[in-house]
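K.L.:
Structure incoming, see below.
Where a number appears in this text, it was derived from the coordinates with a stated rule and is not lab data. Quick caveat: nothing in here was measured; it's all calculated off a predicted structure. Methodologically, a virtual Cβ is constructed for each residue, glycine included, from the backbone with ideal geometry; neighbour enumeration extends over all protein chains shown.
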Amino acid sequence: MALAGVRVIELAGLAPAPFCGMILSDFGARVIRVDRTKVTMAMDSLARGKQSVALNLKSPQGVAVLKKLCIQSDIVLEPFRKGVMEKLGLGPEELLKENPRLIYARLTGYGQSGSYAKAAGHDINYLAMSGLLSTLGRSSEKPYAPLNLVADFAGGGLMCAFGIVLALLERSKSGQGQIIDASMVEGAAYVGSFMWKSRSLGLWNRPRGENLLDSGAPFYDTYQTSDGKYMAVGAIEPQFYDQLIQGLGLDAASLPPQMSFSDWPELRRTFARVFAQKRQAEWSRIFDGTDACVTPVLPLDEAGSHPHNRERGSFLRDAQGEVSPRPAPVLSRTPARPCLSRDPVVGEHTRSVLEEYGFDPAHIEQLLSAGVVECNKAKARL
Ligand SMILES: C[C@H](CCC[C@H](C)C(=O)SCCNC(=O)CCNC(=O)[C@H](O)C(C)(C)COP(=O)(O)OP(=O)(O)OC[C@H]1O[C@@H](n2cnc3c(N)ncnc32)[C@H](O)[C@@H]1OP(=O)(O)O)[C@H]1CC[C@H]2[C@@H]3[C@H](O)C[C@@H]4C[C@H](O)CC[C@]4(C)[C@H]3C[C@H](O)[C@]12C
């Protein structure tokens, strides 16, 4: 796999950093998640392929253990508020001094500088600060966040993984590590570059929810079908729009022009009335194999069984029987080989990892009895 041999120390966090760690793990990196001690349950549902060490960083011995792990690793990924790592004596200066090849990835909401750097926040705040949230939502409604996909995952976890891969590539030439300051505000904004850079085209001149791709255009929207399901319509180009009109059984001559903004509400009502006359499966049969850009809106538990996704193996089933997306993109020679076994229990790998990183058994026992580290076993499933 592409990242085979890369060792990552991931400090346990909420959502973006776990996703970043899972991407690295899916593509072959060895990811060791450092959890707190005395936690009953891992919060990480993105733990595929990771190992867990339970370590109390509030003790000087715990800090020393983490340092030793980082000295022998390629990447440390930290998801805390600015200043937390420095307060622990684990800031980049300390760690890079001991391991100049270390890539020190800091994944935060607001970045390592600026007046908000130390403020708490979540996806919705970062999305709001990026400028993008103001554009998301239906006409005459307030802005709404599309789950926590944009800032936490696209602009956060994924962007940080990209930064790590860039730093690894650069290190292969310079031999040096570096610090990655991944701000979710900036990552989200960057993902949304199109919004800024296409403004001169007049694509976003109208209020929220009344433009081409923000649910303003009737040919770029979803429609309810007679069985309460939905179809997604993305028929932007005239040649594809013609096929939409044909599939709906409408007479193009009796409709207003596609790009007549003032007629969009009426056109939307016409499309809605027609879509409501057939079931989703019927519409799928009509539009499959055409270029009308019309597809069913699949619920999560149906996405994996759609013929197209099944043919490509786009979703996988793990040892627990849970279905989730296959890692993307697909590399031809060195594709991801995601681990299918269960997620680690907090502290499950403490002993084995410490042994591997050169801690002698007596030292491990002492750390255990001092409560600096914890070893836990997976509970048997009855
Ligand atoms: C699924 C839910 C997640 C929702 C995601 C949400 C929408 C997001 O947007 S996540 C993005 C959040 N932002 C960031 O990550 C930006 C960077 N980070 C921060 O800004 C901050 O970390 C913070 C604001 C997110 C949190 O601030 P906090 O004050 O708590 O922490 P920090 O200042 O960073 O300091 C950390 C302190 O911790 C110490 N530490 C760290 N590691 C160790 C260690 N090993 N040992 C000892 N100490 C350690 C460190 O030293 C710092 O100490 P100091 O403060 O003294 O300096 C999920 C959201 C809630 C989940 C549920 C909930 O947790 C309850 C259940 C728990 C159970 O286990 C599982 C089920 C739950 C229901 C759980 C389910 C889901 O996971 C959630 C709903």
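K.L.:
Please determine, in degrees from 0 to 90 and to the nearest 10, the orientation of helix 159-174 with respect to the longest principal axis defined by the Cα atoms of the chain, where the helix direction is its Cα long axis.
P.N.:
50 degrees
K.L.:
Same structure again: Can you pull the Kirkwood radius for the range 195-247, inverse mean 1/r over Cα pairs, to one decimal in Å? List each step's numbers first, then the result.
P.N.:
Numbers: mean 1/r = 0.0804 Å⁻¹.
Computed over Cα pairs of the range 195-247, the Kirkwood hydrodynamic radius comes out at 12.4 Å.
K.L.:
May I pose another question? Please give me the summed charge of the neighbours of residue 33: other residues whose Cβ is under 9 Å from its Cβ, Lys and Arg +1, Asp and Glu -1.
P.N.:
On the way: positive: 50; negative: 10, 35, 44.
Spelling it out: positives minus negatives among the neighbours equals -2.
K.L.:
Under 25 Å Cα to Cα from residue 142, which lysines show up? Leave out anything in the same chain fewer than 8 places away.
P.N.:
197, 229
K.L.:
Which whole-number percent gives the relative contact order of the range 115-167, counting Cα pairs below 8 Å spaced six or more residues apart?
P.N.:
Result for the range 115-167 is 30 percent.
K.L.:
If neighbour count is taken as other Cβ atoms inside 10 Å, put 278, 118 in order from fewest to most. Please list the in-between numbers first.
P.N.:
On the way: 278 18, 118 13.
With the fewest neighbours first, 278, 118 line up as 118, 278.
K.L.:
Ok, one more. In degrees, nearest 10, range 0 to 90: what is the angle between the Cα axis of helix 264-275 and the longest Cα principal axis of the chain?
P.N.:
It works out to around 90 degrees.
K.L.:
Further question: Taking the Cβ of residue 202 as the center, what net charge do the other residues with Cβ under 15 Å away carry, scoring Lys and Arg +1 and Asp and Glu -1?
P.N.:
Details: positive: 197, 199, 206; negative: 210, 214.
Here the charged neighbours net out to +1.
K.L.:
Could you grab the relative contact order for the range 92-250? Cα pairs under 8 Å, six or more apart, rounded to a whole percent.
P.N.:
Values: 218 pairs, mean separation 40.8, N = 159.
Computed value for the range 92-250: 26 percent relative contact order.
K.L.:
Measuring from label point to label point, each 7 Å out along Cα→Cβ, what is the residue 14 to residue 94 span in nm?
P.N.:
2.4 nm
K.L.:
Distance in nm between label sites at residue 370 and residue 162, each 7 Å beyond Cα in the beta-carbon direction?
P.N.:
Roughly 4.3 nm, to one decimal.
K.L.:
Karplus couplings for the range 9-26 from phi (6.51 cos²θ - 1.76 cosθ + 1.60, θ = phi - 60°), rounded to Hz, Gly and Pro as x?
P.N.:
Whole-Hz 3J(HN,Hα) from phi for the range 9-26: 10, 10, 7, 4, x, 7, 9, x, 5, x, 5, 4, x, 5, 4, 4, 5, 4.
K.L.:
Something else about it: With unit charges on the beta carbons (Lys and Arg positive, Asp and Glu negative) and the dipole taken about the Cα centre of the range 238-370, which residue among 352, 306, 277 sits farthest to the positive side?
P.N.:
Of the options given, the answer is 277.
K.L.:
So how do 190, 144, 126 line up by other beta-carbon neighbours within 10 Å, fewest first? Display every interim value, and only then the final one.
P.N.:
Working: 190 15, 144 10, 126 30.
Placing the least packed residue first, the sequence is 144, 190, 126.
K.L.:
Enumerate the residues in the range 52-88 having an amide nitrogen under 20 Å from the point lying 7 Å beyond the Cα of residue 115 toward its Cβ.
P.N.:
Zone members listed by number: 82-83.
K.L.:
Separate question: Please state the relative contact order of the chain as a whole percent: Cα pairs under 8 Å, 6+ residues apart? Please report the intermediate quantities before stating the final value.
P.N.:
On the way: 683 pairs, mean separation 74.5, N = 382.
Taking the mean separation of contacting Cα pairs over the length of the chain, I get 20 percent.
K.L.:
Mean residue ellipticity at 222 nm from the helices of the chain, using -39,500 (n - 2.57) per DSSP H segment of n ≥ 4 over the full residue count, to the nearest 500 deg cm²/dmol?
P.N.:
Taking each H run of at least 4 residues, the total per residue is -9000 deg cm²/dmol.
K.L.:
For the residues 240, 219, 275, what sequence is obtained by ranking on other C-beta atoms within 10 Å, fewest first?
P.N.:
Lowest to highest Cβ neighbour count: 240, 275, 219.
K.L.:
Hey, another quick one. What FRET efficiency, computed as 1/(1 + (r/R0)^6) with R0 = 35 Å and r the Cβ-Cβ distance, is obtained for residue 176 and residue 309, rounded to the nearest 0.05?
P.N.:
Details: r = 42 Å, r/R0 = 1.20.
Between residue 176 and residue 309 the formula returns 0.25.
K.L.:
OK, next. Let me check I've understood the local charge: for residue 265, count other residues with C-beta under 14 angstrom from its C-beta, Lys and Arg +1, Asp and Glu -1. What total comes out?
P.N.:
On the way: positive: 138, 206, 268, 269, 273; negative: 210, 221, 263, 266.
Once all neighbours under 14 Å are counted, the net charge is +1.
K.L.:
Give the whole-number value, in cubic angstrom per residue, of the convex hull volume spanned by the C-alpha atoms of the chain.
P.N.:
Numbers: hull volume 68.7 nm³, N = 382.
Cα-based convex hull of the chain, divided per residue, equals 180 Å³.
K.L.:
Quick one: which residues, 5 or more positions from residue 180 or on another chain, have an amide H under 5 Å from its amide H? H modelled 1.01 Å from N in the peptide plane, none for Pro or chain starts.
P.N.:
Distant-sequence amide H within range of residue 180: 104, 105, 106.
K.L.:
Might you report the magnitude of the Cβ-based charge dipole of the range 66-211 about its Cα centre, with Lys and Arg at +1 and Asp and Glu at -1, to the nearest 20 debye? Please report the intermediate quantities before stating the final value.
P.N.:
Values: 17 positive and 13 negative charges, 34 e Å.
Approximately 160 debye in magnitude.
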